[in-house]
Each structure stands twice: as structure tokens, then as C-alpha cells.
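Enquirer: Take a look at the following structure, please.
The values are calculated or read from the model by the stated rules, or taken from the named source; none is laboratory data. The model shown is predicted, which means the values in this text are computed figures rather than measured ones. A quick note on method: Cβ atoms are made from the backbone with ideal geometry, for glycine too, and the neighbour counts reach across all protein chains shown.
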Amino acid sequence: MLNSVLFLAILFLSLLVFFIPGKFKYHFTLVLLLCGVVLTSVWSGMLLAGDDQVLEIPLFAPSAGSTFILTIDRLAAFFIIVVNITVLVGFLYARGYLAPYLKSKNALRFSIHYFSYLWLWLSMLMVVMIRDGLSFLIVWEIMALSSFFLVIFDAEERSILKTGISYLIQMHAGMFFILIAFLIVEKTTGRMSFDALGEYFTGNRNLPLFLLFFTGFAIKAGFIPLHTWLPEAHPAAPSHVSGVMSGVMIKMGIYGILRVIVSMQSDLLVTGIIILVISLISGVLGVMMAIMQKDLKRLLAYSTIENVGIIGAGIGLGVTGMALDSPALALLGFSGSLLHVLNHSLFKSLLFFNAGSVYQATHTRNLEQMGGLMKNMPSTALLFLAGSLAICGLPPFNGFISEYLIYMGMFQSLSGATLYHSIVVLGSVVGLSLIGGLAIFCFTRAFGVAFLGAPRSDKALHAREVSAGMTIPQYITVALILLIGLASPLVVKPVFEIVTRTFAIDDPVMVSGAFTANLAQISIMGGVFVVVLAGLLVYRRHHLSRRQVDTGPTWGCGYTAGTARQQYTATSFAYNYNHIAKPVLQTAKEMDEIKEEEIFPRRRSFISHSDDIIKKALIDRPLDWLAGILKRIAVMQTGQIQHYILYAFIFMLLVLLLSILKII
Amino acid sequence: MAGFILIVIAAFFVPGMILRTKSIASGRKGPGLFQPVKDIIVLLKKGSVFSTTTGLIFQIAPAVTLATVICAMLLLPFAEQKALLPFEGDFVLFAYLLALGKFFTIIAALDTGSSFEGMGASREALFSMLVEPAFFILLATFAMFTGYTSFSVIFNHFFVTGNDYVMIYSIIGVYLFIQIAMVETSRLPVDDPKTHLELTMIHEVMILDYSGFDKALIHIGTYLKFALYGSLIYNLIVPAGWNIFLQAGLFFAVQGFFAVVIGLTESFRARNKMNKNPKFILTLSAIAWIAFTVILILTDKLA
């Protein structure tokens, strides 16, 4: 009873944001957020520590027909914690990020922004806690709406408003699929709820309904080819919002997919393979496109697609494991993917916050105008480096742990597998290792071009480090990243338990016990690495202190007038890669070659761009086609009243004629 | 422990043997066997010059790279002795540790702001990305064949089956490991450490600005990496059950063989054209698929 009152209080108190004086709006929101985070985290913690299957909290008076019940099971508890961490850190970061906007935007705009932020968070919490279909769709809709308002914070720019609306439309396309799926369930079972899914799945074919749900949730999660909103909306939103959207909001799609899988009974193998294939395509294509981006936040958005691919690969393996009755594969696949959900929420939000800091300092998101930022912004640079290393899955950071679990799922299942299954798994190994290599390419490029070398523009030259209020939240995230990376058994053990309980995997002790031991070895190795590195660096310092150390210009091969413009740019770094990836990415360049008879070449320009081919084929081309048709119909819109009367007359005649002929 | 020490010892003479092989093959007198070690001693005595463009990353990168190689060495077994830190899936950590070292080498090159080094960094990033799948396919086939996923156990179980196909598989495996090692340590035919033009370098151009202590660290890392891959090849060829002294002798023989193969390749083969390199590296993955097929036959999955 107390629980529901407290939760309802937070829901309603959020309205007060509009009435609090401007100075205290932020603090009020923060306090409310903190209370909610503590409340819901305690719920999750209690459930995870205890032995109960679910924790039920009826929101309104517990009458018989009430459907607005918060049901927390282990899966939901996990997602609640993930959501809480990123949303809280994001809001701490937002104070510094929003500071420059305080003058240019009025209090109402801020109220709307904070209110939407609170409700994005609340709706995400409720998405994972609500089982009833209709209530679920309502909070799902609130999530889309509140994130829409957050994206268009900078709506003075027309392009941002346009992006926001396109985002809203695509979200609703996704919701439509989920709605249909729920209606099908209701028609068969009479109940519209996730709880009814089990009943539906026992009596009917599983795959079609799963595909409906999957399509709807995959639009949110950003699986290719349903990712088209993602690279547009993330760069448009303010950075703390991009961090939350990319870090946790897209994970709601993952949650939905998992929630459906829990109830599935048959068709598991084919479902697993479908998820696996789509995920690997998303992973490889996502990072391939990320490499071509010059806009830092757009690059991160594509990298989000890549990571969703990795998460999906884990889910695909888990489902395959369920189908093949292989507890090791199921446990490792699902655990890897759940852990990657947490890991990605940490490092991707970190990177987005970081990109926000860079944007605030340089007023650009274009990599080609950055360079040498590490000199003026050492904290931001180190934080970006930590995020990059983590996202590439390199030890001793957290990304490695989840990728390791997924790899192990693959390897473990290889020895007893059938021919067909071996080929699928080996294909996934290739895909995952390729993703790893490409991610390293992507983030060495991003970090190297943005933060290292010499400044490429005045903006980069005059950049100043952002306030401590913006870097401290990022340090908190890095601390969590290192905690998972260096003390993985602490986190993986609960994840193992969540997975075994949620997906009812048998005989997990052997596998989970063995892997906790393996992870302990990895932790030891992480410690060894840190000690060896520290030893080398200390000795190096000592060694250099007794030698002559000079400074000079970078080796220019005899040329002494080098400028920052001669550095390798983001585009030239990817030139070789582009050469290979061209058939897939369709990058195009616009330039006119220097002709032979041109003795004094005139000024010319060179533009290269890489468009999202899937967006082009799936959204742009059909839209152009539709617009073409509508334009032709617009001939009728003459603006002369006589014509319109004529249309009305023709219409009535038509109705008359048709009713005489008894067609209508 | 023995494996660790043997790798360190091998690192003393493997690079010298490569140089020696090359000089003999080209009819030169050539430097002595321990010239590379002497070079490192000289470097350690010297002071350092740092570019004004560079910063922290440039300074710590060589140490990070060396630390990753040292940690990777802890994962390799020797004979019946297990590695110092064996666990299931240690080869994933092995690959990712080396990748961490690469990451730092690449960003350190970008830290100098030199277009030459940027070019090298771009190439290195591309080629090491492409070689990754070959390594993983090969190790996945090990895992599939033996049912284990730790270096220490895989190699112990490798020869137990007694199936003749294992020979074919060993040959493909050794060939692939040599090729992967040569890509990873920046040797011919992908990269040529002795080239004199910055435009044609890959690894060498990335470390142009290093001097003194840091350069010594980079060299030590490279030499250890040779011995590291030599040790992998050794484990693949020699069954684990034999006498420990015979094993140690064989270990150095294999390391020597590895060095001679590299030396001979570099003497008689021209470097690839730069834009042929991706094709060359991807071919390695294709060969790894053949190894996979062999294993499929071995495990009776493909009749």
C-alpha cells in the first residue's frame, strides 16, 4: 500500500515542475528523480535478493478488474536498475549541459523539458513493470511522446523539428505492430496481456505472432533495417537525452523481445536463427556505416545499432540454446546479452555525454573541425578514451565481459552441434570478430581525429574544458564500467541468476559456477595488466628523469612548414576502408577532375558523402514516389470556386449513379 | 611458468635469426645473432625527443602495448604445464589483449599529427581488423574439434584422437598461424620493416617519432610477439606428453624454424601492392574455412 502511494505521489508531483520558480526547477526535478530512483531500486533489490518470483504493486485501489498493476519480476528488476543508473547520471550531467541555454530559452520550455524527462523515465519504468496489454500500450505511447518532446528541445532549428516529427511517426509505426499482435492474442485468449502469451503460444503457431512483436519492438531497438529513426533523432536531441535514449530507451525494445521469448513454446530454433541473422547484419552494417560518419553523434548513433546487434546476437544464441536443450548456450547467450544491455547503457551514455561536452566546447559535431582537443580538455578526452575502449570490447573494461560471454556461448555449443548448427555458429563467430575489428577502426578514428594531433580549426584551438559538473557524472559512469570490467563475477553472478530464473534453464550450477571461476581469472588478469602497466610507467618515469629529454616538431620527412591541415582527416583515415566497403555503403563523391589542357587549375570543391542505403530504399524512395503521385493530383487544386463546385457536382452525380446501379 | 620463461628466451634470438637468415640468403655477412638485443641496449642508454604536438597518449602507448603482450604470454601453456592463468575461453582474451595494444599504437600514431603516421594508422587499423576473423575461425575449429576452449587444454587434447586428418589440419593451422603472425608483427608480404619510403610503410611509419626508452619498449614488444606466435605454432605441432627436455629443445627448434621461414619469405618475396593487402588477408579467412571443413569431416558431421 505504501509502495503504491509513494509511486503515485511521484507520478503526480511531477506536475509541480510547471509551478516551481525557474531557479529551483532543476533541483525539484532532481529530488523527485532521486526519490523515485531509490524507491524503484529498493523494489528491484528486494526482489533480486529474496526468493519471490514477482513483486506486485497495484497502483490504484486493488479492485478485481484493475489492470494497472506494477508487476516486477527478475527481468523487470534488472531493467529498472539499468534505467535508473543512466537516467540519474544523465540528469546530473544535464545541469551543466543546459546551462548555456538558460538565457535563450524561457522557463516554460525548461518545465516542459524536465517534465518530459521525468516522464520518459517513469514511462520506461512502467513499460518494464506493466503486464496488461492496454496499459502497456499507453505507457509505451507516453514513452514515445515524452522522448519526442525531449528531442525537439532545440526546435528553433527547423531541421530538428522535422527530425522529431519523423521520429514520432516511425515510433507509431512500431506501436501499430505491437497493437496488432496484442489484438491477435486477445481474440484467441480473451485477455490482452503479456501473461496471456503463454496460453496463446501453447495452442497456436509461435513464429507469426513473434515476428509481429519483434517488428514492433525492433523499431524501438534499432535493428537494421528498422533503424532509420535512430541516426536522425540521436544527433538532434540534446546530449543528455541522446545518452538516455541510446543508453536505455532503445533497450525497451530489447526488453519487449525478451518478454515475448519468455513465453514462447515452439518454433524456437527458427526464431533463434532469425534473430541471430538480423542481429549480425545489424552489428556489421551498423559499425560499417558508423565508420563513414563525420558527425560525432551520428557516428555514436550508428554504433548503437552495432551494439544492439551484439545484444541481439546474444538473444539469438540464447533462443537457439533453448531450442536445442543446451543450457550452456542458453545461459551464456542470454546472460551475455543482458550484461551487454547494462554495459552498453553505461558506455554509450558516457560517450554521448562526452560528445555533448565536446559540442559545448567547440560548437561543432563535425570531426573534421576538431583535433588536438586533448590538450585543452584532458578530462573529457580521457573519458572518451575510456568509453571507446569499453565499447570496442577491450579488456579490462566492461564491454569485454559481455562479448566474452557471447563468444563462449558460441564456442561451447560448437563441439556437440550438428552440421547446420555449426555453420550458423561459426558464421556468428566471424560476424562478432569482424564487428570487434571494425569497432576498433571506428573508435581509433573518432578518438584520434577528435582529440589527438593538432587542432584543425579555430573552434578546436579555443576549446576549453567543460565544468566539473559535467565531467563528474561521467567519472561515475567510468567507475561503474571499470567495476564491471575488473570485478565481473560480482555482476555476472546475479545476471546468471536472473537468466536461469526467467528462462527456466535447467542445471545451471555447473555452467554458471564454471564461468564465475573463469571470470575471476579474467579479473586477475585485469589486475595483472594494471600492475604491469603501472610498473612499466613508473620505471619509465624514473628512467626518463635520468636521461636528456628534448622536444621538437613532429618528423616531417624533411619538410618543415607542416600545418594542421596536412594531418590525416576523418575521411582520409577511412579512405582505404571505404575502398573495400564501397559495394555495401555506396559512398559517393562529387568532384570534377583536372583536365589535361588546364594549365592553371581553377578553384574547385570536393564533396564525399555516404548515405544510409537502407533509409534511402525504405523511406526516401517510397516517400518521393508518393509525393510524386500527390503532386500530380494537386493539379485539381486550382483555387477557383467554380472548379470546386464542379467537383462537388461530379461527386454527387457519381453517388447517384452508383446507387441507381445498386453498387453502393 | 616454463612457457613464459621460454618465450622470453626465444625473444632474444628469434629477431636476430630472421636478420641472419636474410643476410645469408642475400650473400651478406650481416649482423650478429644478438644485434637486435644490442640495439635495444643502445636505445635504453639514449635520451628521448618528443614532438610538441604529442601528449599523454603518445607517452603511455608503448608501455600499454608491451603490457598487453606480457599479459598475453601468461595465457600460453608449455608441454603438459598449464599456462599461468588458464581458463575457458582464454584465447578470446588473448586476441582482445593484443587488440588493445594495437588500439594504443594506432592512436599514438594519430597523436603526432603527422600525415605519414596517420596513413600508417589507417592501414594498420584496416589490416588488423581484417585478420581478426581468420584467427577466430581457426580457434573456433579447435574448440569444435577438441570440445575445449582453453589454450592449455586444447593443445593437450589435440593429438589424442589419432585420426590421420589431424595432420592435414595441423598443416593448415601452422600455415595460418605463420601468416597471421606475419600480419600481426608487420612482416612481409603485408608490410616491410626494411622499406625506406614512408609512403610504403605501415607499422614502421607509425613509430617514426619514437626514440630512446619508448622505442626500446616497442621493439621488446615486437620481439616478444614473435616468440609468442612461435610458441603457438610449437604447441600446435608437438604433442604435450613428451619428455620435458626434449620439449624444450623442440621449442627452440620450432622458434628457429619460424624465424627462418620469415627470413626466407622476406628474402625471396616482394611485398604486396598496398591495395592487394585486404584481398591477401581475407584469403587467410577463406583458408580458415577450409580448416573448418576438415574439422567437419573429422568430427563426422560432413560425411
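Enquirer: Tell me, which helices (runs of 4 or more DSSP H) wholly within the range A:344-428 include 1 or more residues that are under 20 Å from residue A:251 (Cα atoms)?
Expert: Values: elements: A:373-376, A:378-391, A:398-414.
Qualifying helices (runs of 4 or more DSSP H): A:378-391, A:398-414.
Enquirer: Out of everything in the range A:550-566 that is surrounded by 16 or more Cβ atoms within 10 Å (Cβ to Cβ) and in a helix (DSSP H, G or I), what residue ends up being farthest from the other protein chains (Cβ to nearest Cβ)?
Expert: Checked the range A:550-566; the qualifying residue farthest from the other protein chains (Cβ to nearest Cβ) is A:564.
Enquirer: I'd like to verify a number: residues in the range B:274-303 that are under 18 Å from residue A:433 (Cβ atoms), modelled with pLDDT under 85 and among the β-branched types (Val, Ile, Thr), how many?
Expert: The number of residues fulfilling the criteria is 2.
Enquirer: For the range A:567-574, state whether one or more residues are assigned to a loop (DSSP other than H, G, I, E, B), within 14 Å of chain B (Cβ to nearest Cβ), under 28 Å from residue B:213 (Cα atoms) and modelled with pLDDT of 85 or more. Walk me through how you get there before you give the answer.
Expert: In the first step, residues of the range A:567-574 are kept if they are assigned to a loop (DSSP other than H, G, I, E, B); the result is A:567-569, A:574.
Cutting the leftovers down to within 14 Å of chain B (Cβ to nearest Cβ) gives us A:567-569, A:574.
Next, only the ones that are under 28 Å from residue B:213 (Cα atoms) stay: A:567-568.
Retained after the next criterion (residues that are modelled with pLDDT of 85 or more): A:567-568.
For the range A:567-574, residues assigned to a loop (DSSP other than H, G, I, E, B), within 14 Å of chain B (Cβ to nearest Cβ), under 28 Å from residue B:213 (Cα atoms) and modelled with pLDDT of 85 or more: present.
Enquirer: Any idea which residue in the range B:76-95 is farthest from the other protein chains (Cβ to nearest Cβ), counting only those that are surrounded by fewer than 24 Cβ atoms within 10 Å (Cβ to Cβ) and within 17 Å of the chain's Cα centre (by Cα)?
Expert: B:77
Enquirer: What's the number of the condition residue A:566 fails, among (1) farther than 24 Å from residue A:403 by Cβ; (2) in contact with a helix residue (DSSP H, G or I) (Cβ under 7 Å, 6 or more places away or on another chain); (3) touching a residue at least 12 places away in the same chain (Cβ under 8 Å)?
Expert: With (1) farther than 24 Å from residue A:403 by Cβ; (2) in contact with a helix residue (DSSP H, G or I) (Cβ under 7 Å, 6 or more places away or on another chain); (3) touching a residue at least 12 places away in the same chain (Cβ under 8 Å) applied to residue A:566, the lone miss is (3).
Enquirer: So, one more: When you scan the range B:132-150, how many residues do you find that are facing chain A (nearest Cβ under 7 Å), under 20 Å from residue A:511 (Cα atoms) and modelled with pLDDT of 85 or more? Talk me through it step by step, then tell me what you get.
Expert: We begin by selecting, within the range B:132-150, every residue facing chain A (nearest Cβ under 7 Å); these are B:132-133, B:136-137, B:140, B:143-144, B:147, B:149.
After this cut, where a residue has to be under 20 Å from residue A:511 (Cα atoms) as well, the list is B:140, B:143-144, B:147, B:149.
Next cut, modelled with pLDDT of 85 or more only: B:140, B:149.
Summing the residues that are facing chain A (nearest Cβ under 7 Å), under 20 Å from residue A:511 (Cα atoms) and modelled with pLDDT of 85 or more in the range B:132-150 gives 2.
Enquirer: Please work out which one of (1) touching a His at 6+ places or on another chain (Cβ under 8 Å); (2) within 9 Å of chain B (Cβ to nearest Cβ); (3) not aliphatic (A, V, I, L, M) is the condition residue A:443 fails and give its number.
Expert: Result: residue A:443 fails condition (1) only.
Enquirer: Ok, one more. Tell me, which helices (runs of 4 or more DSSP H) lie completely within the range A:227-282 with 1 or more residues that are at positive phi and at pLDDT below 95? First the steps, then the outcome.
Expert: On the way: elements: A:230-236, A:239-244, A:251-263.
Per the criteria, no element qualifies.
Enquirer: Here's a follow-up. What is the number of the single condition among (1) assigned to a helix (DSSP H, G or I); (2) within 7 Å of another protein chain (Cβ to nearest Cβ); (3) touching a residue at least 12 places away in the same chain (Cβ under 8 Å) that residue B:129 does not meet?
Expert: Against the list (1) assigned to a helix (DSSP H, G or I); (2) within 7 Å of another protein chain (Cβ to nearest Cβ); (3) touching a residue at least 12 places away in the same chain (Cβ under 8 Å), residue B:129 comes up short only on (3).
Enquirer: Considering only the range A:447-479, how many residues are within 14 Å of chain B (Cβ to nearest Cβ) and among the aliphatic types (A, V, I, L, M)?
Expert: Here the count works out to 6.
Enquirer: Continuing with the same structure: Here are some residues: B:110, B:100. Which one is touching a Pro at 6+ places or on another chain (Cβ under 7 Å), buried (at least 24 other Cβ atoms within 10 Å of the Cβ) and either under 22 Å from residue B:186 (Cβ atoms) or facing another protein chain (nearest Cβ under 7 Å) (or both)? Before the answer, list the steps.
Expert: Details: B:110 fails: touching a Pro at 6+ places or on another chain (Cβ under 7 Å).
Answer to the check: B:100.
Enquirer: Test of understanding: among A:617, A:627, which residue is closer than 30 Å to residue A:570 by Cβ, part of a helix (DSSP H, G or I) and either modelled with pLDDT of 80 or more or not aromatic (Phe, Trp, Tyr) (or both)? Before you say what the answer is, go through the steps one by one.
Expert: On the way: A:627 fails: closer than 30 Å to residue A:570 by Cβ.
None of the others qualify; the one that does is A:617.
Enquirer: Select, from A:181, A:218, the only residue that is over 26 Å from residue A:301 (Cβ atoms), assigned to a helix (DSSP H, G or I) and touching a residue at least 24 places away in the same chain (Cβ under 8 Å).
Expert: Values: A:218 fails: over 26 Å from residue A:301 (Cβ atoms).
Checking each option against the conditions leaves just A:181.
Enquirer: Got at least one residue in the range A:487-508 being within 10 Å of chain B (Cβ to nearest Cβ) and either at pLDDT 90 or above or over 30 Å from residue A:76 (Cβ atoms) (or both)?
Expert: Of the range A:487-508, the ones within 10 Å of chain B (Cβ to nearest Cβ) are none.
For the range A:487-508, residues within 10 Å of chain B (Cβ to nearest Cβ) and either at pLDDT 90 or above or over 30 Å from residue A:76 (Cβ atoms) (or both): absent.
Enquirer: Collect the residues in the range A:289-330 that are farther than 18 Å from residue A:245 by Cβ, of a type in the set (Ser, Thr, Tyr) and buried (at least 24 other Cβ atoms within 10 Å of the Cβ), keeping them in residue-number order.
Expert: Correct list: A:320 only.
Enquirer: Let me ask something else about it. I'm trying to understand the selection: among the residues of the range A:171-195, which are over 29 Å from the mean Cα position of the chain (by Cα) and of a type in the set (Gly, Ala, Ser)?
Expert: A:190, the sole residue that qualifies.
Enquirer: Right, next: On the given criteria, is residue A:423 within 12 Å of chain B (Cβ to nearest Cβ) and farther than 20 Å from residue B:131 by Cβ?
Expert: The answer is yes for residue A:423.
Enquirer: Taking residue A:538, is it surrounded by 15 or more Cβ atoms within 10 Å (Cβ to Cβ), under 25 Å from residue B:56 (Cβ atoms) and without any contact (Cβ under 8 Å) to a residue 60 or more places away in the chain? I'd like the intermediate steps shown before the answer.
Expert: Working: surrounded by 15 or more Cβ atoms within 10 Å (Cβ to Cβ): no; under 25 Å from residue B:56 (Cβ atoms): yes; without any contact (Cβ under 8 Å) to a residue 60 or more places away in the chain: yes.
When the stated conditions are applied, residue A:538 does not pass them.
Enquirer: Determine which member of the set A:641, A:619, A:645 is exposed (fewer than 10 other Cβ atoms within 10 Å of the Cβ) and either in contact with a helix residue (DSSP H, G or I) (Cβ under 9 Å, 6 or more places away or on another chain) or of a type in the set (A, V, I, L, M) (or both).
Expert: Values: A:619 fails: exposed (fewer than 10 other Cβ atoms within 10 Å of the Cβ); A:645 fails: exposed (fewer than 10 other Cβ atoms within 10 Å of the Cβ).
Unique residue meeting the criteria: A:641.
Enquirer: Residue under question is residue A:104, and the condition is that it be polar (S, T, N, Q) and touching a helix residue (DSSP H, G or I) at 6+ places or on another chain (Cβ under 8 Å); does it hold? Talk me through it step by step, then tell me what you get.
Expert: Values: polar (S, T, N, Q): yes; touching a helix residue (DSSP H, G or I) at 6+ places or on another chain (Cβ under 8 Å): no.
Considered against the rule, which asks whether it is polar (S, T, N, Q) and touching a helix residue (DSSP H, G or I) at 6+ places or on another chain (Cβ under 8 Å), residue A:104 comes out as no.
Enquirer: Which is within 25 Å of residue B:81 (Cβ to Cβ), part of a helix (DSSP H, G or I) and more than 13 Å from chain A (Cβ to nearest Cβ), of B:153, B:166? Before the answer, list the steps.
Expert: Numbers: B:153 fails: more than 13 Å from chain A (Cβ to nearest Cβ).
Result: B:166 is the single residue among B:153, B:166 that is within 25 Å of residue B:81 (Cβ to Cβ), part of a helix (DSSP H, G or I) and more than 13 Å from chain A (Cβ to nearest Cβ).
Enquirer: Just checking, how many residues over the range B:112-155 are touching a Gly at 6+ places or on another chain (Cβ under 6 Å) and among the charged types (D, E, K, R)? First the steps, then the outcome.
Expert: Narrowing the range B:112-155 to residues touching a Gly at 6+ places or on another chain (Cβ under 6 Å): B:113, B:129, B:132, B:149.
Subset that is among the charged types (D, E, K, R): B:132.
Counting residues in the range B:112-155 that are touching a Gly at 6+ places or on another chain (Cβ under 6 Å) and among the charged types (D, E, K, R) gives 1.
Enquirer: Among the residues of the range B:250-273, count how many are modelled with pLDDT under 90 and surrounded by fewer than 16 Cβ atoms within 10 Å (Cβ to Cβ).
Expert: Residues in the range B:250-273 being modelled with pLDDT under 90 and surrounded by fewer than 16 Cβ atoms within 10 Å (Cβ to Cβ): 3 in total.
Enquirer: Under the condition of being within 13 Å of chain B (Cβ to nearest Cβ) and polar (S, T, N, Q), which residue from the range A:575-593 is farthest from residue B:127 (Cα to Cα)?
Expert: Step by step, filter the range A:575-593, then rank; the result is A:578.
Enquirer: Out of (1) part of a helix (DSSP H, G or I); (2) over 30 Å from residue A:583 (Cβ atoms), the odd one out for residue A:325 is which?
Expert: (1)
Enquirer: Let me ask something else about it. Within the range B:39-62, work out how many residues are buried (at least 21 other Cβ atoms within 10 Å of the Cβ), within 27 Å of the chain's Cα centre (by Cα) and of a type in the set (A, V, I, L, M, F, W, C).
Expert: Residues that pass the stated criteria total 3.
Enquirer: Mind listing just one residue for me: the one in the range B:239-249 that is touching a residue at least 60 places away in the same chain (Cβ under 8 Å) and of a type outside the set (S, T, N, Q) and, of those, surrounded by the most Cβ atoms within 10 Å (Cβ to Cβ)?
Expert: Taking the range B:239-249 as the starting set, the residues that turn out to be touching a residue at least 60 places away in the same chain (Cβ under 8 Å) are B:239-242, B:244, B:247-248.
Next cut, of a type outside the set (S, T, N, Q) only: B:239-242, B:244, B:248.
Numbers: B:239: 14, B:240: 19, B:241: 11, B:242: 12, B:244: 12, B:248: 15.
Among them, the one singled out is B:240.
Enquirer: Continuing with this model, one more query. Right, residue B:192: at pLDDT 90 or above and under 28 Å from residue B:41 (Cβ atoms) or not? Talk me through it step by step, then tell me what you get.
Expert: Working: at pLDDT 90 or above: no; under 28 Å from residue B:41 (Cβ atoms): yes.
No.
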